[in-house]
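Here's the structure, in structure tokens; my notes come after.
The values are calculated or read from the model by the stated rules, or taken from the named source; none is laboratory data. All values reported here derive from a predicted model rather than from experimental measurement. Positions of Cβ are backbone-derived with ideal geometry, glycine not excepted, and every protein chain shown enters the neighbour counts.
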Amino acid sequence: MKQLIKRIIPLLLSAVFILSTGMTVLASGEGNIDGGGGGMGSGTATDVWHGQDGVRVTVVTTDGSVVSTPFDLSNANVANNVLNFGRVCKLQYSSGSSLSPNGSYSYSKPGVALPRIISGTSSRASIEAIRRYFCSEYAAQLVADKTGIAFGELVGGSYKLVIEPIAYFTHGGRNYAMTATEAALYNQMSGGNLQRKMTSLTHQNLPLALFLETPDLGYPAWGGTTSGKVSDDEILSALGIGIVSYKDVPEAELQAPDYTYRVDTDVITSITLTSSVEVNPDDPASVTFHINGSSYTVNDIVMPAGGSQVVWAKWHTPLEPTTLTIQVSVDGAATAKTSFVAKIISLEENLPPDPLATDTNPHFSLPSLPSNPQKTSASWSVWSAKWHANWEWESDWDWESEDCDGDCPENCSGGHGSWVDNGEWVDNGWYDFTSTSYSASLTGAMEIHPDDIVPTAQGDTMKSGYGIKESATANFSSNAPTSHYAPAQTAVAYFPEFGYDMYWRLLSCSGGSTATFAFKPNEYSTYNRNVHFTPVWYPDGTAYTVYTYIIDAWTPSGMLSVNVSDSVQIQGSLFDDWYSKRE
């Protein structure tokens with residue numbers, strides 16, 4: 001029945017998503033679709049968008065009645081104290097709901113990452129990717145799980161999805177989450193200040209990310225500019241909305257990745273073999289991993305009856321982000337799964353913007369240090385087998401006849417002879433199985449200090465506005481051969497002025513079992529120093545703490561990772577070092 005259902009045309013867009021792509025494409029049966037958008041401008045440290053986006057999803061009836069609490073999805077790491085206006089959808093604002101500031105924000109990261117929603121200077125959105133995502137069975141099941149609406153009921157034709165783009169950005173030194181509709185309403189309340197500061201985002205790329213090709217739910221098709229600025233009224237009446245209409249069970253399926261790796265990284269992919277019978281050197285098992293056009297074969301795998309064995313391939317990921325299907329061929333044993341999806345991602349550096357002497361942040365409060373998943377040790381084992389000799393005599397009795405040679409007794413009627421054992425020594429031994437245990441551990445440490453050229457630093461006390469340097473160390477130790485592991489290769493530093501979110505720095509790595517990490521040269525440094533600049537407004541008498549997440553230490557039992565942090569003390573600002581000598 002499921003296969004029959006999947007042959008039915010599954011999902012139609014009653015109003016097709018229009019993206020800021022600068023392309024013209026054809027939507028199946030829906031005519032031409034034009035995209036729009038443009039550059040984002042340079043921004044400042046207090047008013048900037050650095051590419052983080054998401055969507056707000058609301059389930060409505062076909063006549064536009066809201067039947068679920070809207071929920072937000074994003075791939076970004078968004079702090080829970082981002083200023084927002086609650087979970088309110090465009091239809092509710094159109095019906096009279098007003099903005100209500102909320103200091104607590106909640107969202108979800110989907111198991112399958114969202115495609116890019118809002119185009120920017122360096123990243124372009126794809127209408128095909130967005131359509132494929134929200135027209136998938138995966139997305140429909142995700143919505144069903146989030147809203148509590150039964151999957152069959154959701155896709156039965158009585159409901160629609162309202163999709164709204166969300167931008168996460170900094171305005172006036174505060175971090176915000178806004179839909180296009182909320183940005184227009186907020187701009188009206190602020191007397192146009194938001195548009196003056198963030199016009200390329202809030203009045204161009206955000207509202208033009210999604211709009212309707214045909215009228216639906218009381219909103220018109222958009223026929224205006226696709227590459228220029230738009231007004232608050234245009235946003236409120238027609239922009240920042242896409243609509244999905246379900247006709248039947250969605251056909252296109254997305255699969256959550258089994259593995260997520262970083263680009264240009266040594267990684268390990270492993271499976272577990274099992275067998276109800278003994279697998280020994282006389283008939284060993286073998287496994288071949290087929291990865292990105294290459295094959296990695298592991299031979300001579302043994303295990304006792306009822307045992308299991310982890311088997312792995314060590315390989316290097318591509319230089320560019322992609323999604324790979326890993327196929328595994330197994331001979332002589334069993335495994336639960338032989339096909340895997342590997343998501344290869346890039347940790348694009350969300351570098352902090354140019355720090356300015358005029359930057360302020362009057363609403364700043366010290367954020368809590370993050371605590372990412374941490375795994376600092378792993379263990380695994382490998383079976384080997386050795387023959388245990390057990391020599392035993394196996395008899396083979398044969399009757400050997402003999403002639404009487406004329407000396408047979410009187411009345412002898414039978415033959416003459418004797419039984420002779422023609423047996424041999426036979427090795428009836430067995431295989432003894434031995435499990436060799438291996439382990440690995442990861443420890444990390446880091447230090448931050450004022451840069452060497454900071455003129456007034458005293459130890460680890462410094463004035464704000466100057467640069468700091470970082471040195472992090474990841475010590476990886478293991479008793480296994482090098483083919484079993486890859487030491488730590490990635491470290492990402494986060495900073496308190498951005499809530500340990502929004503912006504980060506990928507550190508350079510020395511490589512090896514004792515890897516060291518440091519800031520890369522700062523593009524805003526006059527002397528090209530390997531530093532991060534503390535904000536000039538950072539509060540006096542406060543610890544400035546940098547958090548670093550060290551990852552990509554791979555073993556057959558998974559990835560090891562560790563959280564580290566360190567602080568300097570801020571007292572005064574660099575303005576205190578500026579003076580004029582007067583007579």
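Yes or no: residue 528 at positive phi, assigned by TED's automatic domain parsing to the domain that holds residue 486 and either modelled with pLDDT under 95 or β-branched (Val, Ile, Thr) (or both)?
For residue 528, the condition - at positive phi, assigned by TED's automatic domain parsing to the domain that holds residue 486 and either modelled with pLDDT under 95 or β-branched (Val, Ile, Thr) (or both) - is met.
Anything in region 126-153 that is assigned to a loop (DSSP other than H, G, I, E, B) and either at pLDDT 95 or above or hydroxyl-bearing (Ser, Thr, Tyr) (or both)? List them, or say none.
Scanning region 126-153 gives a single hit, 126.
Say whether the condition of being of a type in the set (Phe, Trp, Tyr) and at pLDDT 95 or above is met by at least one residue in region 552-570.
Among the residues of region 552-570, at least one is of a type in the set (Phe, Trp, Tyr) and at pLDDT 95 or above, which makes the answer yes.
For region 214-270, what are the residues that are among the acidic types (Asp, Glu), modelled with pLDDT of 90 or more and touching a strand residue (DSSP E or B) at 6+ places or on another chain (Cβ under 6 Å)?
Selection gives 216, 266.
What are the pairs, 6+ residues apart or on separate chains, where a residue within region 453-479 that is more than 24 Å from residue 526 (Cα to Cα) has its Cβ under 6 Å from a residue that is part of a loop (DSSP other than H, G, I, E, B) and of a type in the set (A, V, I, L, M, F, W, C)?
Close Cβ pairs (under 6 Å, with a partner that is part of a loop (DSSP other than H, G, I, E, B) and of a type in the set (A, V, I, L, M, F, W, C)) amount to 474/488; 476/488.
If I go through region 192-215 residue by residue, how many of them are more than 28 Å from the chain's Cα centre (by Cα), closer than 19 Å to residue 51 by Cα and among the hydrophobic types (A, V, I, L, M, F, W, C)?
Going through region 192-215 one residue at a time, the tally reaches 2.
For region 285-312, name all the residues that are more than 15 Å from residue 344 (Cβ to Cβ) and hydrophobic (A, V, I, L, M, F, W, C).
285, 287, 289, 298, 301, 302, 303, 305, 310, 311, 312
A quick yes/no check of all residues on (1) surrounded by fewer than 22 Cβ atoms within 10 Å (Cβ to Cβ); (2) not hydroxyl-bearing (Ser, Thr, Tyr):
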| residue | (1), (2) |
| --- | --- |
| 170 | no, no |
| 181 | no, no |
| 187 | no, yes |
| 211 | no, yes |
| 215 | yes, yes |
| 230 | no, yes |
| 257 | yes, yes |
| 264 | yes, yes |
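Every residue, every condition in (1) crowded, with 22+ Cβ neighbours inside 10 Å; (2) of a type in the set (A, V, I, L, M, F, W, C); (3) out of contact with any helix residue (DSSP H, G or I) (no Cβ under 6 Å at 6 or more places or on another chain); (4) not assigned by TED's automatic domain parsing to the domain that holds residue 170, yes or no:
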| residue | (1), (2), (3), (4) |
| --- | --- |
| 450 | yes, no, yes, yes |
| 481 | no, no, yes, yes |
| 488 | yes, yes, yes, yes |
| 492 | no, yes, yes, yes |
| 501 | no, no, yes, yes |
| 510 | no, no, yes, yes |
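Sort out which residues of region 311-360 are of a type in the set (D, E, K, R), surrounded by fewer than 16 Cβ atoms within 10 Å (Cβ to Cβ) and touching a Phe, Trp or Tyr at 6+ places or on another chain (Cβ under 8 Å), and write them in order of number.
Across region 311-360, the qualifying residues are 349, 354.
Scanning for something surrounded by fewer than 17 Cβ atoms within 10 Å (Cβ to Cβ), touching a Gly at 6+ places or on another chain (Cβ under 6 Å) and polar (S, T, N, Q), does region 87-99 turn up at least one residue?
Looking through region 87-99, none of the residues is surrounded by fewer than 17 Cβ atoms within 10 Å (Cβ to Cβ), touching a Gly at 6+ places or on another chain (Cβ under 6 Å) and polar (S, T, N, Q).
For the list (1) buried (at least 17 other Cβ atoms within 10 Å of the Cβ); (2) assigned to a strand (DSSP E or B); (3) of a type in the set (D, E, K, R), I need the number of the one condition that residue 432 fails.
For residue 432, the failing item is (1).
Looking only at region 271-310, how many residues end up being polar (S, T, N, Q) and either crowded, with 18+ Cβ neighbours inside 10 Å or part of a loop (DSSP other than H, G, I, E, B) (or both)?
5
Just one of the numbered conditions (1) among the β-branched types (Val, Ile, Thr); (2) more than 26 Å from residue 440 (Cα to Cα); (3) in contact with a His (Cβ under 9 Å, 6 or more places away or on another chain) is not true of residue 531; which one?
Condition (3) is where residue 531 drops out.
Is there a residue in region 361-378 that is surrounded by 15 or more Cβ atoms within 10 Å (Cβ to Cβ), assigned to a strand (DSSP E or B) and either out of contact with any helix residue (DSSP H, G or I) (no Cβ under 8 Å at 6 or more places or on another chain) or at pLDDT 90 or above (or both)?
yes
Could you list, in sequence order, the residues of region 122-147 that are touching a helix residue (DSSP H, G or I) at 6+ places or on another chain (Cβ under 9 Å) and surrounded by fewer than 17 Cβ atoms within 10 Å (Cβ to Cβ)?
141, 145
Quick one: in region 547-583, of everything that is outside any strand (DSSP E or B) and among the hydroxyl-bearing types (Ser, Thr, Tyr), which residue is farthest from residue 438 (Cα to Cα)?
580
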